[in-house]
Structure formats: structure tokens, C-alpha cells
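First comes the structure, then the notes that go with it.
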Amino acid sequence: MTTLFRQPEWRDAEIHTAMPARFRRTGVRSAWADANRGGAPIDSFLEGPVFDAQGNLYVTDIPFGRIFRIDPQGEWELAAEYDGEPNGMKFLSAHELLIADYKNGLVKLDLRSGRTEDYLARRNTERFKGVNDLVFDSKGNLYFTDQGQSGMHDPSGRVYRLDPRGKLDLLLSNVPSPNGVALSPDEKVLYVAVTRGNAVWRAPLMEDGSVAKVGQFFTSYGPSGPDGLAVDEAGNVVVANPGLGYVWLLNPRAEPIVVWRSPKGMSTTNIAYGGPGRATLYCTESVSGAILKMTAPHAGLALSRPHA
């Protein structure tokens, strides 16, 4: 029996919380905003949501090098501030975050002291273009994107895998703006958001660790393409799509099941599952400094850690 395509269900996301005024850097210029936001004044730019075991949500503020902790009631606290441009994050251990930092490469943050140190700053003495997002598999392999200013004019963005022994493999080198990255439940497929290509790529992972038959899984549209990614326990792929103000929920055939619309701002950049049973999606709306939330039909995958 042929399953017919059905129109997706449209829903509105809710505002969970927003950055308090005391943390907003109004009237402050930043080199990151000059390059990436056309010089427009911004008081923050949120990214990198990830939850700890206690249900606290951590987010980055890229232009001002800040990490915030948001408790389950939506109260904000500055966890760390340093000389960097932090983007995606994942937990290394209960007290350590691994940060994809556009300026410094991979950076480790000790949440107890607030101190940072290099985790992987360079590849064979060469600086990265500008790392963006990351995900661990159950064996401790780290997959991360190196986006820089790549795009359709310069499809040279890269995707790497760093194994637990420190071996670094270049998996993809021809991506026009690799951004978010996520794994399928069986860890046999790596999904890569390709922002300037307005797509999500699907990269099958071979037994020897290489990729083959990489293809375009999902095609979007509009002024800015897919950014953050997540996967649920049913194998559905969640895509944050700035420029449209959407969060897509796609089935394994890349057919939209649900489309959530942002109630405030179009810059839906990155997503994480949290709350009881990982049944709620949280999304950074970067320009307004808000955190959106959405009730998900399936629980999100539990994120692996290298020392779990």
C-alpha cells in the first residue's frame, strides 16, 4: 500500500524565557557582528543550547564570549565569560563543556572555575576556518563542522571526526557552509546542515569510518538555510531554519510532519531536547535573545558523552 504525502501540521512555538535586560550589551560593537550581521547593532546572539542532568539549559552568546545557565524556571545566570566566539556546545563530563568556538577552535570550559583551555585549536598547525557545531557518538568520536565564511561562492567548509585517541579525520571538504550536525539513532548516518546551500546533507558512515554516497536529504528555501539539527528516538530530524523563523520536524524520508513558527523573530538558530523525558524542544531565537519551546511528538535522543 502506498503511503501518500500529507501536509504538515503547522503550530506556533511559545516563548519560554528571554535574556534579562541586565545581561544585554546595548550599544556595544563587536567584530563578530560587524562581519556576520552586516554591522547591525545587537545586544546578544544566542546559540548552542544544551541541557545538563539537572535540567539547566546552557546557551552561548557568540559576539560577547558568554555562556549562560538557565534554570528550569527560566531564570538566567552568567556561567562564564572569556575571549572567544562560542557557538555549539556539548557536555564532556558533568562539569565540563566542549565548545565549538569560531575564534579559538574547540575549547573546554570548566563550569566550576569558569576557566577555558584549548581542546583542539589547530589541525597540523593550521587554524580552522571557524568551527560551528559538534556531536559525540556512543564510542566517544566527536563530529564537528568547520564553517568559516564558506558558501556557494566558496564551497570549502569542512566536517571532521576526532576519535578518542586524538586522531583527526577530514570527512567532507566541499560543503557550502556546514553548520549543525546530528547522528541517526543507529549512528550510521551523519546529518549536516548546509546553511548557504539551503539544505541538509545525509552522509552514510562506513565501517572503516569514511563517508560514501553523501546526498542532499532535505531542501529548504529563503534567505538563510538550515542551522541547528537534532534527532528524536523515532529517527525524525529536527531542523532550525533561520530566515524563515521555522523549526521543521522531518520524517526519515525528509517529509515535513510538523512546522513550528517562531512567535518572535525569524532567527531560529539551534535546538535541544529537554524537560521531563526529553519531550520538549527548545530553540534559540538569536536576534531577540529569546528561548522558544515546543511540545514534541517523540522524545529526543539522549546525547552521548565521551566519558559517560
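The values are calculated or read from the model by the stated rules, or taken from the named source; none is laboratory data. Keep in mind the model is a prediction, meaning the values are calculated, not measured. When we count neighbours, we look across all protein chains shown, and the Cβ atoms used for this are built from the backbone with ideal geometry, even at glycine. Side chains are part of the model used for accessible areas, which takes the heavy atoms of the whole protein and leaves out ligands, DNA and RNA. Shrake-Rupley method; radii C 1.70, N 1.55, O 1.52, S 1.80 Å.
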Top-ranked residue of the range 51-60 - restricted to ones that are crowded, with 17+ Cβ neighbours inside 10 Å and in contact (Cβ under 8 Å) with a residue 40 or more places away in the chain, ranked as farthest from A18 (Cα to Cα)
F51
I need the full set of residues from the range 108-117 which are surrounded by fewer than 21 Cβ atoms within 10 Å (Cβ to Cβ) and not in a loop (DSSP other than H, G, I, E, B), in order please.
K108, D110, R115, E117
Would you tally the residues in the range 260-271 being farther than 16 Å from S224 by Cβ and open to solvent by less than 10 Å² (accessible area, probe 1.4 Å)?
1
Look at the range 226-241 and say how many of its residues are in a loop (DSSP other than H, G, I, E, B) and either in contact with a Gly (Cβ under 6 Å, 6 or more places away or on another chain) or within 15 Å of S286 (Cα to Cα) (or both).
3
Which is touching a strand residue (DSSP E or B) at 6+ places or on another chain (Cβ under 6 Å) and more than 29 Å from L250 (Cα to Cα), of F23, F51, F68, F64?
F68
Which residue, of Y191, Y160, is within 16 Å of Q216 (Cα to Cα), buried (at least 18 other Cβ atoms within 10 Å of the Cβ) and modelled with pLDDT of 95 or more?
Y191
Need the failing condition index for H16 against (1) modelled with pLDDT of 95 or more; (2) open to solvent by 20 Å² or more (accessible area, probe 1.4 Å); (3) out of contact with any Gly (no Cβ under 7 Å at 6 or more places or on another chain), just the number.
(3)
Among the candidates F45, F23, which residue alone is surrounded by fewer than 21 Cβ atoms within 10 Å (Cβ to Cβ) and in contact with a Gly (Cβ under 9 Å, 6 or more places away or on another chain)?
F23
Would you be able to say whether some residue in the range 167-177 is of a type in the set (D, E), open to solvent by 10 Å² or more (accessible area, probe 1.4 Å) and closer than 26 Å to D101 by Cβ?
yes
Which condition number in (1) surrounded by 14 or more Cβ atoms within 10 Å (Cβ to Cβ); (2) not in a strand (DSSP E or B) is the one that Y221 fails?
(1)
Specify which of the listed residues (R37, R123) is closer than 20 Å to N179 by Cα, open to solvent by 20 Å² or more (accessible area, probe 1.4 Å), over 20 Å from the mean Cα position of the chain (by Cα) and at pLDDT below 95.
R123
Among the residues of the range 63-107, which ones are among the acidic types (D, E), surrounded by 22 or more Cβ atoms within 10 Å (Cβ to Cβ) and in a loop (DSSP other than H, G, I, E, B)?
E85
I'm told V237 meets every condition in (1) of a type outside the set (F, W, Y); (2) surrounded by 22 or more Cβ atoms within 10 Å (Cβ to Cβ); (3) farther than 25 Å from W10 by Cα except one. Can you identify the failing condition by its number?
(3)
Could you please find all residues in the range 1-10 being open to solvent by less than 70 Å² (accessible area, probe 1.4 Å) and at pLDDT 95 or above?
none
